[in-house]
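Q: A single structure is presented below for examination.
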Amino acid sequence: MLAAFALRAALAPREQRLALAARALGVLKGPFAKLGQLAALRVDVMAPEARAALLALRDDVPPLPASWIRGEIERALGAPLARHFARLDARPLGAASIAQVHAAQLRGGGEVAVKVQYPWLARSLRADLALARLALRVVTGARVDDATWREFARGFESELDFAREANSAREIAANLAAEKNVVVPRVIADASAKRVLAMERIATIPLSREALLARGIAPTAVVEIVLRAYARQIFLDGVFHADPHAGNLFVIDEPSAAANPRVLFVDFGLSQRLTTELRRELRAGILALLNNQLDEFLAAMQRMRMIEPGAEPAVRDAVGAMLTRLRGEGGNALALSGERVLALKDEAQTLLYATPGLTLPPDLLLYAKTVSTVFALSRDLAPEVDPMKLAAPYLLRFLAQRE
């Protein structure tokens, strides 16, 4: 299959070739689709048109037949399906790179969402990882350096452990317990295993401005809940749900939703824990940015391994020009609006792609991607809300901390 897609891609025009590449990686699933998703985020090495084609992999991975899924649940749980579930819907709620999700009902009652890993992934992991790297290079021309590749492989392997995901969900739920308008669904431990994860299923309303307004729910109230929850996770807790798109965030459908909306977080497969070292260097870099200190900012970038050997002069010129523009806009990054922060994100993407030797390590890439996605979600739902004003108190507490 891979050879056939590669041949078709080689003979096709560039735009069609990129679409074929994305389709091939999606059909192959597992590390193939996941690596395509990673490449779509690599603003430092991927051309914009290639990134656009691969971004579709986040939402468009073809599902497996229900018969395969039923068999995998029984193998993972070591028991007939009927021992745990009174019903399993044949049509999936969604399909992603490593699993698809089906609605089900427990034998004892209660609606759940069952996340089921594709059956071959763990068995063929090493060979598939090697082929995925080759496939990405052949059909898109992208090259992934060894350090990034090792980090990707470790991260992908950890995502295959649904017990780890369940623990992440429990930890984030405990951290957000004081946020009464945030809900993390309960893990159903006796119907879960390393490759199957059952979680409480709650009726929801899509996180779109149109859907919220149709139900009389103020988008501004929802955005404030989401922003505060993420600011707390990112700046104070140091562990966060790292996939904040509208397929993973919902408003709970309940009679009190219009007066007192509650936001549901789902899918904790992509979560990140910031190391003490990274938190320290992020703090140093942000402080240098706030104080317009180019040397200190570059030093923090060096310690975060963002500058390759020999690239410092070109990076200094590019980053210095950006800081000069910031000074011309008032000098204090905390005073920037959320809309300007998103514009700076776009400038930073261009800077990364256009400056040889400037790169984002995978852990920092996921951090930056999460922050920018939350800000973009805020803009789409309630453009009148300034996310920087809501995030600033949490950011200031972060800057005042000492690791």
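Here, each number is a calculation from the coordinates, and none is a lab measurement. Note that the structure is predicted; figures quoted are calculated from it, not measured. So basically every Cβ, Gly included, is an ideal-geometry build from the backbone, and we count neighbours across all protein chains shown.
Q: Of all trypsin sites (Lys or Arg not before Pro) in the range 273-320, which ones are in loop regions per DSSP and have a Cβ with at most 16 other Cβ atoms within 10 Å?
A: Hits after loop and neighbour filter: Arg305.
Q: For the pair Ala259 and Trp68, what calculated FRET efficiency results from E = 1/(1 + (r/R0)^6), where r is the Cβ-Cβ distance and R0 = 51 Å, to the nearest 0.05?
A: Step by step, r from the Cβ atoms, then E = 0.70.
Q: Take the alpha carbon gyration tensor of the range 203-403, find the square roots of its eigenvalues, order them as a ≥ b ≥ c, and report rounded if a/c is under 1.5; if not, report prolate when a/b exceeds b/c, else oblate.
A: Judged from the Cα gyration tensor, the range 203-403 comes out prolate (a/c at least 1.5, a/b above b/c).
Q: Within the range 254-332, which GluC sites (Glu not before Pro) sit in a loop by DSSP and count at most 14 neighbouring Cβ atoms inside 10 Å?
A: Glu329
Q: Could I ask something else about it? What are the ³J(HN,Hα) values, in whole Hz, obtained from phi via the Karplus relation 6.51 cos²θ - 1.76 cosθ + 1.60 with θ = phi - 60°, for each residue of the range 286-293 in sequence order, with x given for Gly and Pro?
A: 5, 4, 5, 5, 5, 9, 6, 9
Q: Averaging sequence separations of C-alpha pairs under 8 Å and six or more residues apart, then dividing by the length of the range 203-403, give the relative contact order as a whole percent.
A: 30 percent
Q: I would also like to ask the following. In a shell of Cβ-Cβ distance under 14 Å around Leu88, excluding Leu88 itself, what net charge do Lys and Arg (+1) and Asp and Glu (-1) give?
A: It works out to a net charge of +3.
Q: For Leu213 and Ala90 in one chain, what is 0.36 nm times their gap in residues minus the Cα-Cα distance, to one decimal in nm?
A: 41.1 nm
Q: Based on the alpha-carbon gyration tensor of the range 142-289 and its eigenvalue square roots a ≥ b ≥ c, which shape applies: rounded if a/c is under 1.5, prolate if not and a/b is larger than b/c, or oblate?
A: oblate
Q: Moving to a separate point now. Residue by residue, what Karplus-based ³J(HN,Hα) values in Hz, rounded to whole numbers, does the range 150-165 have, using 6.51, -1.76 and 1.60 with θ = phi - 60° and x for Gly and Pro?
A: Listing the rounded values in order: 4, 5, 4, 4, 5, x, 5, 4, 5, 5, 6, 9, 6, 5, 5, 4 Hz.
Q: List every residue whose amide H lies under 5 Å from the amide H of Ser271, counting only residues 5 or more places away in sequence or on a different chain, with H placed 1.01 Å from N in the peptide plane.
A: Counting only residues 5 or more places away or on other chains, the set is Ala242.
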